[in-house]
1. May I have the extent of the alpha carbons of the stretch 21-151 along their three principal axes, as whole Å values ordered from largest to smallest?
2. Can you give the extra length, in nm with one decimal, that the chain gains between W46 and A4 once fully stretched, where that is 0.36 nm per residue apart less the Cα-Cα distance?
3. Report the local net charge at N142: Lys and Arg +1, Asp and Glu -1, summed over other residues whose C-beta lies under 14 Å from its C-beta.
4. Filter the cross-link list K108/K149; K78/K129; K78/K149 down to pairs whose alpha-carbon distance in this structure exceeds 29 Å.
5. Summing -39500 (n - 2.57) over the DSSP H runs of n ≥ 4 in the chain and dividing by its residue number, what mean residue ellipticity at 222 nm do you reach, to the nearest 500 deg cm²/dmol?
6. Can you pull out the chymotrypsin sites (Phe, Trp or Tyr not before Pro) in the stretch 42-76 that DSSP calls coil and that have at most 15 other Cβ atoms within 10 Å?
7. Assuming R0 = 25 Å, what is the FRET efficiency of T143 and T119, from their Cβ-Cβ distance, to the nearest 0.05?
8. By how many nm would the segment from H23 to M36 grow when fully extended, if each residue of separation counts as 0.36 nm and the alpha-carbon distance is taken off?
Amino acid sequence: MKNAISPTRNENFAEWYQQVISHSELAENSPVRGCMVIRPWGYGIWEQIQRELDQQFKDTGHVNAYFPLLIPLSFLEKEAEHVDGFAKECAVVTHHRLEQTPFVEDGKVEKAIGALGVTVRCIPLDQPKSSATCLFTGQTTNTWALYAKSY
């Protein structure tokens, strides 16, 4: 009997699984190494899994929590003895195209940066301790944001 997917599950589970996901169009490889784009069918399955697990957790008195995808390298360094076994699973971001500048939350700012082809990507929790002048409003602020080119 010929199988539609080669290798078979028993021959090489990891490769078989990748082939099933690809052929069923649940997800596809991303241009970013180690990442995948989850397509609508795959995301629907993911949402159902979340609903089921969420109910099971709540039925046992547990609560949900989300943790950051990116954490400072210093956190890993503090926990070096625990991280050692996970070293191959950690991706270290060594550079980015984000610019951190003073930010005033104002509709005019959003309009101005949009006209420049820039978006606010996030407002970091770890804020500088000094105040500065917002480039777009001229107002003094203690809030800084990370900006990047919008595509």
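Readers should treat all values here as calculations from the given coordinates under stated rules, not as data from a laboratory. None of these values were measured; they are calculated from a predicted model. Heads up, the Cβs are rebuilt from the backbone with ideal geometry, glycines too, and the neighbour counts pull from every protein chain shown.
1. The Cα atoms of the stretch 21-151 stretch 50, 39, 35 Å along their principal axes.
2. Numbers: separation 42, 0.36 × 42 = 15.12 nm, distance 2.45 nm.
That works out to 12.7 nm of additional length.
3. Details: positive: K129; negative: E105, D126.
That works out to -1.
4. On the way: K108/K149 18 Å; K78/K129 23 Å; K78/K149 33 Å.
The pairs that break the limit, which is 29 Å between Cα atoms, are K78/K149.
5. On the way: 5 runs with 50 residues, N = 151.
The per-residue figure over the chain is -9500 deg cm²/dmol.
6. Numbers: sites: Y43, W46, F57, Y66, F75; in loops: Y66.
Taking the stretch 42-76 and a limit of 15 other Cβ atoms within 10 Å, the loop chymotrypsin sites (Phe, Trp or Tyr not before Pro) found are Y66.
7. Values: r = 16 Å, r/R0 = 0.65.
The formula returns an efficiency of 0.95 here.
8. Details: separation 13, 0.36 × 13 = 4.68 nm, distance 1.42 nm.
That pair, H23 and M36, stretches by 3.3 nm at full extension.
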